[in-house]
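Chemist: Submitted below is the structure of interest, expressed as structure tokens.
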Amino acid sequence: MSSGASIRGGGRARRAARRLLLVAAALAGCGGRPWNDPYPAADAGANIVYSSFEERPKHLDPARSYSSNEVIFTGQIYEPPLQYHYLERPYTLIPLTAEEVPAPRYLDRDGRPLPADAPDDEVAFSVYEIRIRPGIHYQPHPAFARDADGNPVYRELSLQDLADIHAIADFAHTGTRELVAADYVYQIKRLAHPRVHSPILGLMGEYIVGLRDYAAELGRAYKELSAAAGGGPVYLDLERYPLAGAEVVDRYTYRIRVNGKYPQLLYWLAMPFFAPVPPEVDRFHSAPGMEEKNLTLDWYPVGTGPYMLTVNNPNRQMVLERNPNFHEEFYPDEGDPGDREAGLLADAGRRLPFIDKVVFSLEKETIPYWNKFLQGYYDTSGISSDSFDQAVRMGPGGEATLTERMKEKGIRLSTAVGTSIFYTGFNMLDPVIGGYGERQRLLRRAISIALDYEEFISIFTNGRGIAAQGPIPPGISGYVGDEAGVNPYVYDWAGGAPRRKPLDEARRLLGEAGYANGVDAATGKPLVLNLDITAGGPEDKARLEWFRKQFEKLSIQLVIRNTDYNRFQDKMRNGNAQIFMWGWNADYPDPENFLFLLYGPNGKVEHNGENAANYANPEFDRLFERMKTMADGPRRQELIDRMVDIARRDAPWIWGFHPRSFALYQAWSSPTKPNLMANNLLKYRRIDPAQRERLRAEWNRPVLWPLLLAFGLLFAAAVPAAIGLIRRQYRAPAAGGGTRTP
Amino acid sequence: MLNYILRRVLYALPILVGVNVITFVLFFVVNTPDDMARMQLGMKHVTPEAVEQWKQERGYDRPVLYNGAAAGMDRFTDTIFFDKSLRLFVFDFGPSDAGRDIGHDIRQRMWASLALAVPIFIIGMLTNITVALLIALFRATYVDVVAVVALVVLMSISGLFYIIAGQYLVGKLLHLVPISGYDDGLNAVKFVILPVLIGVVGGIGSGSRWYRTIFLEEIGKDYVRTARAKGAPEAAVLFRHVLRNALIPILTGAVVVLPLLFLGSLIMESFFGIPGLGSYTIDAINTQDFAVVRSMVFLGSVLYIIGLMLTDISYTLVDPRVRLN
């Protein structure tokens, strides 16, 4: 009896345990898969890349989006006429939707043609004629849907039509149409639309003929239309307003006319700013009620690229899926020497893209992201300073290798020196540290030597960076490496590498500047300088302390003027900062994009430009004006070298460092070559989903014994409590002397 | 009771206006409309014309609270404050400064916040009450001493530690649930198990200790002695008599936070990638999106006032002696 009860009891317990496990498995999503898999069971084994975004993109309108976290989406959806070759270095422009990279035609003031080598001052206009390839189609979208008679299905949408519409996918009909030149012209006009607020309107207004006046004209027209409609947003039909600088030549050809020479326009033609926008899509998204439902072009990009945005929930997840109408494009079959050996040409000639879907999940914190990467739930990862030691070991020569743990997982490391610069700037308008006299120059040079950026890189960036020798980063034409590229005012060339000049040299320069031992010889007062900065966290405190110590080496007192971001920006705009930290990320791989940061007419205080140091050297400016319109070559290099030398001598910046980015790739990802200019790289990526599935299962087996142990301990703790409770219940009345009734 | 509620609603109006004024003043002391425009327009190639146009389009080109250049009532109505505040009172939040509809975002994000906050609130409260009652049952024994020490230790540990340790142990080492993420509907369950567990465990220390104090105070009262004298078992005394009478202070703390559950938890949502309202406000402050900030502050104030009203009403339910006049 007792044995039978025990068997039954055991069977019941087993059944209960089985049910518990089934429930747990159901909660985990399905049976047989890792319990901690954050993705739906239906996606298991699918050709999907998993990535993340830290903060929601602000704009996905190609006329507005500029940030890197926006371009990661727009770059895959929109197709400007040009793109960067994936493998070739230096960065090379190749056609994307264009038939070829356009060469400019030069015209004089009367519109007469000029030869290609005409002097700059004779060239009044440059004309770029771009012919796009026929047969390219847009992704499916309701704005293209047509009824049996060929009329647009959703041309005039009312509020009532939108009552049950909450996402673009809710529209029953979609369609497509061929890409035409007029779509590119329409987008150039959109740069001047008063409601679009394109960040490049100011810049392009200087170059594209008539764009500035066009913006004013559209502004007036929009105001009138809006007033006539009782205020509020209205649709402005840009096709009714011609723009002199952008015109359609024929169905597949359009023309851009710029003032003077502006060869950098070609680089802009590789950015989403110059991608096509179909007018009917713009009209569709401008329908009344669309904005209230967030169904705007700013949130629902429509393009011809390899991917289309199918889920747009910036609060949680963004999903790119393969565009079924994507035109033929193939993986490059040529690259740089070494690319074939690195496996980068394994997919040569195969049709793009390789991935079916890309899921971007909101991941605000680095620790969960990193742990999920290690579990195989993300396919790539950067390396935060928290996890750097887990992932990478730095050798004595600064070479990075993966730790054993990463190697065991088959993870690969890819590094690239960024086309960026982080520098410490001197406000050249400041009476003490600024100016162009020999005294100020020597003071800035002394500080440049004392501020040991090699140490900074080692302490604060885990060695991820190289000390800058000038304003131009490696990878940008005009950069000179090795001995010829060393800044002779701060470094010596010794042992095949640049070596920072000794501190004694800095002290000597300081003495020559009239500040021996940090004391102003003229006044007898100690030299006090101010570092204007925005800092908040504990790591910033260490950084600021480091700065103070660097100045102490020269007996200079450094006052840290820490302020919030807005006040800091005000100080910079008003010229009230003295020493500051700043940075610049390349828009395009041309030295003009870095040297213009030192061009006088770009001064921040006087001209509201990007020259934060307000540096203005007439010789530098003259050379810049000549250099910026020249094609790469020895003559241009000569001018660049002279400009860099002038800047090094004047030292308006402590040149700081170029960051080195580290990326980790899982074993199932195809080899990838870092390309810091291109923003449409997803189409070249390939993964092995079967391998990923196998490794995920292997890496994520649930460990149950601690859970059972915890339940056991809880039970063990509950038993004495229960016994104590029962005893107390029966003892209490007795202690009180009463009698107990059953 | 209806009169009472109406009166409280009318009292709420000046409070909400006051909160709005303070929000406006504080926000615009730190940020100018120019700063807001630059933040929205980006850092590169921004021209003063673009800044002006942005401000004009969104109505930030006017004075904040008082328009000295205007005449009559326009001095007060032709201001950013009047323009932006009036619609709030009918819960029309309008678009954010980045262009997205705030009401849509709130409706979308509120469910994620609730999916996390409601289980933490209910399970947490039940757990805390149970633990506190058990400790009260074993009062003045070694169990009581050990438990109080344990509770003090638990409440002394930072909430962030619970999150990181929980993610590390349960998600990373044991592989039992996803470390972070979220999904809609029932699929959300596997994502909220860990944050709920952490939320409950993290709250046991302070919650149970607070409830234990309440229960011990009740246990010393005459009616408890009477119940015991009549021979009621100790468990019955605690769970039937003490718990019921301790409900008023428990409700005071609990009901008032009920509406605020909508607003979510910043750290928890941030670490677990849960797209709730907690991170919405902080993101808006970081991006200087004043439209979102004022909407969330207004919503928070309204919910807090509702919470206080619900607390008052709940008193009448648990204590028949209380009347709302």
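The values are calculated or read from the model by the stated rules, or taken from the named source; none is laboratory data. Since the structure is predicted, the reported quantities are computational estimates derived from the model, not experimental observations. Heads up, the Cβs are rebuilt from the backbone with ideal geometry, glycines too, and the neighbour counts pull from every protein chain shown. Note: accessible area is taken over every heavy atom of the protein model, side chains too, but ligands, DNA and RNA are not part of it. Shrake-Rupley method; radii C 1.70, N 1.55, O 1.52, S 1.80 Å.
Chemist: Determine the pairs where a residue that is within 11 Å of chain A (Cβ to nearest Cβ), located within segment B:138-167, has a partner that is acidic (Asp, Glu) and in a helix (DSSP H, G or I) with Cβ atoms under 6 Å apart, the partner being 6 or more residues away or on another chain.
Modeler: Note: pairs meeting the criteria are B:Phe138/B:Asp144.
Chemist: Taking A:Pro396, is it open to solvent by 30 Å² or more (accessible area, probe 1.4 Å) and outside the structural domain of A:Arg89 (by TED's automatic domain parsing)?
Modeler: Considered against the rule, which asks whether it is open to solvent by 30 Å² or more (accessible area, probe 1.4 Å) and outside the structural domain of A:Arg89 (by TED's automatic domain parsing), A:Pro396 comes out as yes.
Chemist: Among the listed residues A:Ala26, A:Ala98, which satisfies the condition of being surrounded by 20 or more Cβ atoms within 10 Å (Cβ to Cβ) and either at pLDDT below 90 or not basic (Lys, Arg) (or both)?
Modeler: A:Ala98
Chemist: Take residues that are under 16 Å from the mean Cα position of the chain (by Cα) and over 26 Å from A:Ile723 (Cβ atoms) and tell me which of the helices (runs of 4 or more DSSP H) falling wholly in segment B:199-297 contain 2 or more.
Modeler: B:247-255, B:266-272, B:278-286
Chemist: Taking segment B:185-198, which residues are in contact (Cβ under 8 Å) with a residue 24 or more places away in the chain and either of a type in the set (A, V, I, L, M, F, W, C) or open to solvent by 20 Å² or more (accessible area, probe 1.4 Å) (or both)?
Modeler: B:Ala188, B:Phe191, B:Val192, B:Leu194, B:Val196, B:Leu197, B:Ile198
Chemist: Does at least one position in segment B:172-192 carry a residue that is within 14 Å of chain A (Cβ to nearest Cβ) and over 30 Å from A:Ser361 (Cα atoms)?
Modeler: No, segment B:172-192 contains no residue that is within 14 Å of chain A (Cβ to nearest Cβ) and over 30 Å from A:Ser361 (Cα atoms).
Chemist: So in segment B:116-135, with the set limited to residues that are open to solvent by less than 40 Å² (accessible area, probe 1.4 Å) and within 12 Å of chain A (Cβ to nearest Cβ), which one is nearest to the chain's Cα centre (by Cα)?
Modeler: Per the criteria, the residue is B:Leu133.
Chemist: Could you run through segment A:547-561 and say how many residues are surrounded by 17 or more Cβ atoms within 10 Å (Cβ to Cβ) and in a helix (DSSP H, G or I)?
Modeler: Of the residues in segment A:547-561, 3 are surrounded by 17 or more Cβ atoms within 10 Å (Cβ to Cβ) and in a helix (DSSP H, G or I).
Chemist: Looking at (1) surrounded by fewer than 19 Cβ atoms within 10 Å (Cβ to Cβ); (2) away from chain A (no Cβ under 14 Å), which is the only condition B:Val29 fails?
Modeler: With (1) surrounded by fewer than 19 Cβ atoms within 10 Å (Cβ to Cβ); (2) away from chain A (no Cβ under 14 Å) applied to B:Val29, the lone miss is (2).
Chemist: Consider A:Val319 against the criteria (1) open to solvent by 30 Å² or more (accessible area, probe 1.4 Å); (2) over 17 Å from A:Glu178 (Cα atoms); (3) modelled with pLDDT of 90 or more: it satisfies all of them except one. Which criterion is unmet?
Modeler: Evaluating A:Val319 over (1) open to solvent by 30 Å² or more (accessible area, probe 1.4 Å); (2) over 17 Å from A:Glu178 (Cα atoms); (3) modelled with pLDDT of 90 or more leaves (1) as the failure.
Chemist: While we're looking at this one, here's another question. Quick check on this structure: which one of A:Arg635, A:Arg626, A:Arg642, A:Arg622 is away from every other protein chain (no Cβ under 14 Å), touching a residue at least 60 places away in the same chain (Cβ under 8 Å) and in a helix (DSSP H, G or I)?
Modeler: Sole residue among the options that is away from every other protein chain (no Cβ under 14 Å), touching a residue at least 60 places away in the same chain (Cβ under 8 Å) and in a helix (DSSP H, G or I): A:Arg626.
Chemist: Further question: Could you say whether any residue in segment B:50-58 is among the aliphatic types (A, V, I, L, M), in a helix (DSSP H, G or I) and within 14 Å of chain A (Cβ to nearest Cβ)?
Modeler: yes
Chemist: Another question, if that's okay. Looking at B:Val256, is it over 30 Å from A:Leu709 (Cα atoms), within 13 Å of chain A (Cβ to nearest Cβ) and either touching an Asp or Glu at 6+ places or on another chain (Cβ under 9 Å) or at pLDDT below 90 (or both)?
Modeler: When the stated conditions are applied, B:Val256 does not pass them.
Chemist: Separate question: Please go through segment A:161-184 and pick out each residue that is within 29 Å of the chain's Cα centre (by Cα) and open to solvent by 10 Å² or more (accessible area, probe 1.4 Å).
Modeler: Scanning segment A:161-184 gives A:Ala167, A:Ile168, A:Ala169.
Chemist: Same structure again: From A:Pro199, A:Pro134, A:Pro140, grab the single residue that is more than 30 Å from the chain's Cα centre (by Cα), outside the structural domain of A:Asn602 (by TED's automatic domain parsing) and of a type outside the set (Ser, Thr, Tyr).
Modeler: Of the residues listed, the single one that is more than 30 Å from the chain's Cα centre (by Cα), outside the structural domain of A:Asn602 (by TED's automatic domain parsing) and of a type outside the set (Ser, Thr, Tyr) is A:Pro134.
Chemist: Another question, then. From (1) at pLDDT 85 or above; (2) more than 20 Å from B:Phe28 (Cβ to Cβ); (3) surrounded by 17 or more Cβ atoms within 10 Å (Cβ to Cβ), pick out the condition that doesn't hold for B:Gly103.
Modeler: (3)
Chemist: Hey, can you tell me all the residues within segment A:401-435 that are within 15 Å of A:Asn585 (Cα to Cα) and either open to solvent by 60 Å² or more (accessible area, probe 1.4 Å) or free of Cβ contacts under 8 Å to residues at least 60 places away in the same chain (or both)?
Modeler: Scanning segment A:401-435 gives a single hit, A:Phe422.
Chemist: So if I check each of A:Arg212, A:Arg155, A:Arg195, which one is in a loop (DSSP other than H, G, I, E, B), open to solvent by 10 Å² or more (accessible area, probe 1.4 Å) and within 14 Å of chain B (Cβ to nearest Cβ)?
Modeler: Within the list A:Arg212, A:Arg155, A:Arg195, the selection yields A:Arg195.
Chemist: While we're looking at this one, here's another question. List the number of the failed condition for A:Gly205; all other conditions in (1) within 27 Å of the chain's Cα centre (by Cα); (2) more than 30 Å from A:Arg626 (Cα to Cα) hold.
Modeler: (2)
Chemist: Suppose the filter is more than 13 Å from chain B (Cβ to nearest Cβ), open to solvent by less than 60 Å² (accessible area, probe 1.4 Å) and modelled with pLDDT of 90 or more; does A:Leu114 pass it?
Modeler: Answer is yes for this residue.
Chemist: Scan segment A:692-709 for residues that are away from chain B (no Cβ under 14 Å) and surrounded by fewer than 15 Cβ atoms within 10 Å (Cβ to Cβ) and jot them down.
Modeler: A:Arg694
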